[in-house]
Amino acid sequence: MPDSHTSSAAKINTEITEVSRRLAMKDGKLGFGIIGCGVIAPSHRKGIETCEKAELIAVSDIEEEKGKAFAEAAGGEDPGKVKFYSDYEKLVEDPEIDVVCVCTPSGQHGDGIIAAAQAGKHAFSEKPLDIRRDRLTEIIQTCRTAGIKLGCVFQSRTSPDMIRVREAIKTETLGPMVLGDAFLKDYRSQSYYNSAGWRGTWENDGGGALMNQGVHGVDLLLWLINDDVESVFARTEHKVRDIEVEDTAVANLKFKSGAFGTIIGTTSCNPGEARRLELHGKNGTICVSGSKITRWAVTDEEDGRAEDIEPPKEVVAQGAVSDPSAISSGPHGWLINDLVEAIEGDRDPYVTGESARKAVDLILAIYESSREGKEVPVYHAQ
């Protein structure tokens, strides 16, 4: 019997002709659709507006009044310019749409992505890519089988400072890595969790402080240190908020390279702190607050003490970072520009599905460790 991932991918007509999958490119632009008109949807709309080769064609939401209002506002002086669909499956079938932005609750991301892939449309998903391991595998396999591009929003990777840090670690500026720590201390009130029925639930949020708020910092730590976590021991609880998932988590990491690490992720710190990452190697330290470098200390001596110096000014070109106008368009515009270039150049987007799932796989291992009270291995897709 074929597994569920293979059978799901097989649902796609792998004999789709180039004619049926061709880009609409209306007026030289790719047509975009947005599924879900909640709080993050305006960032996607603005990102689309900043890309000269992108145009918003339609939006979809199960709340008709909200969705129609979003579509009307997106149309600007022409309120009927952007179409509204109450059914996202109708949106992905629209022949004017080439790319689908998925802005639904976390546990529903896979539905929109797979529907888009089955319709031969490229997909651009909010974080996390999904909240279940088997669903992540299904999403990625489905998109690869369909031959469509799948991008994910991890906007911290677009910061020039973060690109400098990643390059420094890749080129062993800090020497062999010793520690990689992420302090993700956010604040979310009880009213925040009460404001939407899916927030703070296992079914639709997939977790709490780590899966929703902390996933950006977890992804950034993994991306910067350029290493996979081998195993984790963790504790998670909801200490302050009346929710079924965690509002406080601590995790001890062992990387494949042998380096250790720590993740502290909360929404229970009042009033909250700026995200902080600390990366320590044998020859130096780099510290980050938000998406800015706050310390860069290195030594060239075999047993010397690292001294603080100015970080390098140059940025190694990656994806749309090579286009200055894309940087000025904001993170979502940056990533949308990159996705358009990936479609035109038939290459992978800056943040692939395989890369985006790593943070989720680690968070799922953290939850497993907390439940079982022991160190557990982290799953790595082959």
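Since every read-out is calculated from the coordinates, none of them should be taken as a lab result. In this text, all values refer to a predicted model and were calculated from it rather than measured experimentally. As a convention, Cβ positions derive from the backbone with ideal geometry for all residues, glycine included, and neighbour counts pool all protein chains shown.
State, to one decimal in nm², a quarter of the convex hull surface area for the C-alpha atoms of region 131-239, i.e. the direction-averaged projected area. Before the final figure, lay out the partial values.
Values: hull surface 38.5 nm².
Averaging across all directions leaves 9.6 nm² for the Cα convex hull.
Whole-Hz ³J(HN,Hα) for each residue in region 188-195, computed from phi via Karplus 6.51 cos²θ - 1.76 cosθ + 1.60 with θ = phi - 60°, x for glycine and proline: what do you get?
9, 7, 5, 5, 4, 5, 6, 6
How many nm separate the modelled label positions at GLU64 and ASP348, each set 7 Å beyond the Cα in the direction of the Cβ?
Result: 4.4 nm between the two label points.
So which aspartates and glutamates pass the test for LYS46, namely a Cα distance under 13 Å, with those fewer than 8 places away in the same chain ruled out?
GLU55
How much length is gained if the chain between ARG305 and GLU93 is pulled fully straight, taking 0.36 nm per residue apart and subtracting their Cα-Cα distance, in nm to one decimal? Walk me through the numbers before you get to the answer.
Values: separation 212, 0.36 × 212 = 76.32 nm, distance 6.07 nm.
Computed gain between ARG305 and GLU93 is 70.2 nm.
Could you pull out every one of the lysines with an alpha carbon less than 22 Å from that of LYS170, ignoring same-chain neighbours closer than 8 positions?
Of all the lysines, those that pass the test against LYS170 - Cα under 22 Å, at least 8 places apart if same chain - are LYS254, LYS256, LYS282, LYS292, LYS313, LYS358.
Give me the percent of Cα-Cα pairs in the chain that sit more than 34 Å apart, rounded to a whole number.
Values: 21423 of 72771 pairs.
Cα-Cα pairs of the chain separated by over 34 Å account for 29 percent.
How large is the direction-averaged shadow of the alpha-carbon convex hull of region 226-279, in nm²? Intermediate results must be reported in sequence, preceding the final value.
Working: hull surface 18.1 nm².
Averaged projected area of region 226-279's Cα convex hull equals 4.5 nm².
List the residues of region 252-293 whose backbone N lies under 15 Å from a point placed 7 Å from the Cα of GLU237 along the Cα-to-Cβ direction.
265-269
Using modelled amide H (1.01 Å from N, peptide plane; none on Pro or chain starts), what sits under 5 Å from the amide H of ILE34, excluding residues fewer than 5 places away?
Amide H neighbours of ILE34, under 5 Å, 5+ apart: ALA58, VAL59, SER60, CYS101.
What is the fewest-to-most order of HIS332, HIS380 by other Cβ atoms lying within 10 Å of their Cβ? Display every interim value, and only then the final one.
Numbers: HIS332 24, HIS380 13.
Result, fewest neighbours first: HIS380, HIS332.
Along each principal axis of its Cα atoms, how long is region 48-104 end to end? Whole angstroms, biggest number first, please.
Taking max minus min along each principal axis of the Cα atoms, region 48-104 gives 29, 24, 19 Å.
Full extension from GLU172 to LYS282: what is 0.36 nm times the residue separation minus their Cα-Cα distance, to one decimal in nm?
My answer for the length gained is 38.6 nm.
Using per-residue counts of other Cβ atoms within 10 Å, averaged over each peptide, order 62-71, 245-254, 150-159, 90-99 from highest down.
Numbers: 62-71: 16.0, 245-254: 22.7, 150-159: 24.5, 90-99: 19.7.
My ranking of the peptides, most packed first, is 150-159, 245-254, 90-99, 62-71.
Once you keep just the Cα pairs under 8 angstrom separated by 6 or more residues, what percentage relative contact order results for the chain? Could the numbers behind the result be given before it?
Details: 819 pairs, mean separation 66.4, N = 382.
Across the chain, relative contact order equals 17 percent.
Report the gain in length on full extension from LYS374 to TRP198: 0.36 nm times residue separation, minus Cα-Cα distance, nm rounded to one decimal. List each step's numbers first, then the result.
Details: separation 176, 0.36 × 176 = 63.36 nm, distance 2.91 nm.
Difference between extended and current length: 60.4 nm.
Two decimals is fine: what's Rg over Rh for region 49-145, C-alpha atoms, Kirkwood radius as Rh? It would help to have the intermediate numbers written out before the result.
Details: Rg = 13.8 Å, Rh = 14.0 Å.
Ratio of gyration radius to Kirkwood radius for region 49-145: 0.98.
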